[in-house]
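Read the structure below first, then the notes.
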Amino acid sequence: MPLVSTKEMFEKAYKGGYAIGAFNVNNMEIVQGITQAAMEENSPVILQVSAGARKYAKHNYLIKLVEAAIMETGLPIALHLDHGENFDICKACVDGGFSSVMIDGSKYSFEENIAITRQVVEYAHAHGVTVEGELGKLAGIEDDVNVSDEDAQFTNPAEVEEFVTRTGVDSLAIAIGTSHGAYKFKPGQKPRLRFDILEEVQKRLPGFPIVLHGASSVPQEFVAQVNQYGGSMPDAIGIPEEMLRQAASLAVCKINIDSDLRLCMTAAVRKHLSEHPDHFDPRQYLADGRQAIQDMVRHKIRDVLGSSGKA
């Protein structure tokens with residue numbers, strides 16, 4: 001089975017009231033952990049590659065890892081470029097075998113965002129690749145994305161119809177209060193998502209798939225485990241999972257998760273090395289990290305996204 005497009009995935013998810021997990025990948029163990037969980041749950045899955053991942057693992061290695069995962073699992077898997085910053089990066093991924101790309105023009109003016117997004121859409125669609133655009137700016141830091149709280153902007157629902165019509169995008173990432181990284185809210189601050197914006201966008205774009213970036217929940221048991229075994233992650237706070245479940249029941253068809261994977265894997269590796277100071281074989285501690293990824297993704301699919309049995 002080859003890589004699949006996100007188009008049919010999102011149509012089914014919208015009608016079914018669930019979301020597809022889009023999990024960022026950087027190495028073999030992460031790919032294996034994600035796809036093993038998805039296979040166990042018989043769930044469709046999106047594997048995402050950021051600019052940072054392409055720099056770290058290289059394009060060809062990542063492509064071959066994902067191809068191997070398809071051979072091993074037989075699952076419908078989409079390979080998606082996360083936060084493509086310009087046309088050239090998106091073109092390289094389209095030409096290099098990705099089935100979906102995101103062009104993030106949110107740092108530009110509305111008109112400039114439309115222009116660059118339309119350019120990517122025209123090229124990608126000519127090659128059978130779907131495109132995700134973005135309106136609004138999420139705060140936080142993740143790989144090459146770095147947006148301060150002061151520069152963050154909620155999506156303006158009044159702009160979404162014009163943006164989608166003029167660009168031809170297949171899905172739209174919006175900003176309703178999620179943010180990148182593991183520090184999404186300040187201590188004592190009540191987590192809040194602007195569901196009023198999401199509902200207004202859904203009214204204006206009926207049946208159109210919406211994407212949530214920066215949607216890790218940062219489970220506190222893993223924060224505690226990282227800190228217990230020598231780490232330092234004070235005040236790491238994420239998005240409550242019940243809010244993500246609510247979003248998945250509405251127009252959100254794709255929920256991006258990265259920090260939770262980093263967190264659980266790091267916690268597992270730190271614990272292993274602390275409890276087994278004599279171990280120096282990477283297969284020993286990375287196996288624990290891979291299992292942590294698998295357990296995390298299984299939980300997300302089953303209890304948050306609602307995509308079990310939907311492959």
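Worth a mention:
- One residue alone among His299, His213 is within 25 Å of Ala53 (Cβ to Cβ), surrounded by fewer than 24 Cβ atoms within 10 Å (Cβ to Cβ) and within 16 Å of the chain's Cα centre (by Cα), and that residue is His299.
- Condition met for Gln225 (open to solvent by 20 Å² or more (accessible area, probe 1.4 Å), touching a helix residue (DSSP H, G or I) at 6+ places or on another chain (Cβ under 7 Å) and in contact (Cβ under 8 Å) with a residue 24 or more places away in the chain): yes
- In this structure, Ile63 does satisfy being open to solvent by less than 40 Å² (accessible area, probe 1.4 Å), touching a Gly at 6+ places or on another chain (Cβ under 6 Å) and not charged (D, E, K, R).
- Applying the criterion of being of a type in the set (A, V, I, L, M, F, W, C) and part of a loop (DSSP other than H, G, I, E, B) to the residues of the range 1-45, the residue that is surrounded by the most Cβ atoms within 10 Å (Cβ to Cβ) is Ala19.
- When the range 197-210 is filtered for residues that are assigned to a loop (DSSP other than H, G, I, E, B) and open to solvent by 60 Å² or more (accessible area, probe 1.4 Å), only Pro206 remains.
- Residue check: Gly289 meets all listed conditions (1) within 30 Å of Val160 (Cα to Cα); (2) assigned to a helix (DSSP H, G or I) but one, namely (1).
- Positions within the range 76-98 being of a type in the set (Asp, Glu) and either part of a strand (DSSP E or B) or within 16 Å of Gly133 (Cβ to Cβ) (or both), in sequence order: Asp82, Glu85
- Taking the criterion of being free of Cβ contacts under 8 Å to residues at least 24 places away in the same chain and not polar (S, T, N, Q), the residues of the range 228-261 that qualify are Pro234, Glu242.
The values are calculated or read from the model by the stated rules, or taken from the named source; none is laboratory data. Keep in mind that this is a model prediction, so the values were computed, not measured. Here Cβ is always computed from backbone atoms with ideal geometry, including for glycine, and neighbour counts include all displayed protein chains. SASA here: full protein model, heavy atoms, side chains in, ligands and nucleic acids out. Shrake-Rupley method; radii C 1.70, N 1.55, O 1.52, S 1.80 Å.
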